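Structure first, commentary second.
The numbers here are math on the coordinates, done by the rules we state, and not lab data. All values reported here derive from a predicted model rather than from experimental measurement. In this analysis, Cβ positions are derived from the backbone assuming ideal geometry, glycine residues included, and neighbour counts consider all displayed protein chains.
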Amino acid sequence: MKEPTLTRQEIIDFCLSLPASYEDYPFDDITDPGKWTVMRHSGNTRSFALIYERGGRLCVNVKCDPEQAEMWRTMYADVTPGYHMNKTHWNTIALPGDVPAEDLWDMIRGSHALIRPKTRRNTMKFDAVGLFVRDMGPMVAFYRDVLGMRTDWNGEPNADLHADGYRLMLYGRDDFEAMTSSVLGYPTGLNGTMEVAFAVADYACVDREYARVVGLGARPVMPPTTMPWGQRTSYVADPDGNLVEIGSFTPM
């Protein structure tokens, strides 16, 4: 059964509705003007649909994955290997024919997706948080012995501590300033500019861990409190005054 006829302009308009698309007529100097419409992506000028007439029918060439190309050819008699194109990667759809408009739109969308510029992956990924400390010994001992982070620190100017796939870096302030040839400023007392947060299993664990770390010498800042947003949380401070949160969103 033949599907309703689509016009060249309807197909062009659909192509233009896809992001960064434009129409081109590169063959006008060697064919009848307007005979071949080439739809391209403005990001790289690659074509994703070629619209032309052949044998008295309107035809559309689209790019496909090889398996998809074969699937469409199996489904519809009017989908054939691409005319004047790589027949592994391109199909030709002849109109009017047995291809519904929605499936033609799907083929054009798929072709557009295949040729659009590839998104360049961000070359940076988040790696760690660092603290610049007055005295490395007490700070390493706090995060290692009180909070249970792992480290092989042995007196170096900096230390890496690990827990649950996360990394905390500690740098001696004087050593870091010497390395960077800079004079830096540091907060005194309780540091309200940042926090290091630890999650525990449930509300009861918040209470137990808070009591445990305070008993080991952590400076208490806020005892366990259940917040309106459903978290039970608490705060202590490390030897340099940086805030450490211990919390959970899971009731007892």
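For Lys87, the aspartates and glutamates whose Cα falls under 20 Å of its own Cα, not counting residues fewer than eight places away in the same chain, are Glu53, Asp65, Glu67, Glu70, Asp78, Asp103, Asp106. Counting only alpha carbon atoms, the long axis of helix 66-75 and the longest principal axis of the chain meet at about 50°.
If the chain linking Asp145 and Asn158 were pulled fully straight, counting 0.36 nm for each residue of separation and taking away their Cα-Cα distance, it would gain 3.0 nm.
For the chain, take the longest principal axis of its alpha carbons; what is the angle in degrees between that and the long axis of helix 101-115, to the nearest 10 within 0 to 90? Helix 101-115 and the main axis of the chain meet at about 60 degrees. In the chain, the C-alpha radius of gyration followed by the widest Cα-Cα span (Dmax) gives 32.3, 88 angstrom.
Across region 204-214, rounded Karplus estimates of 3J(HN,Hα) from the backbone phi angles (6.51 cos²θ - 1.76 cosθ + 1.60, θ = phi - 60°) give 4, 5, 4, 4, 5, 5, 4, 4, 5, 6, 5 Hz, Gly and Pro being marked x. Placing a label point 7 Å from the Cα of Asp135 along the Cα-to-Cβ direction, the residues of region 149-168 with a backbone N closer than 18 Å are 154-159.
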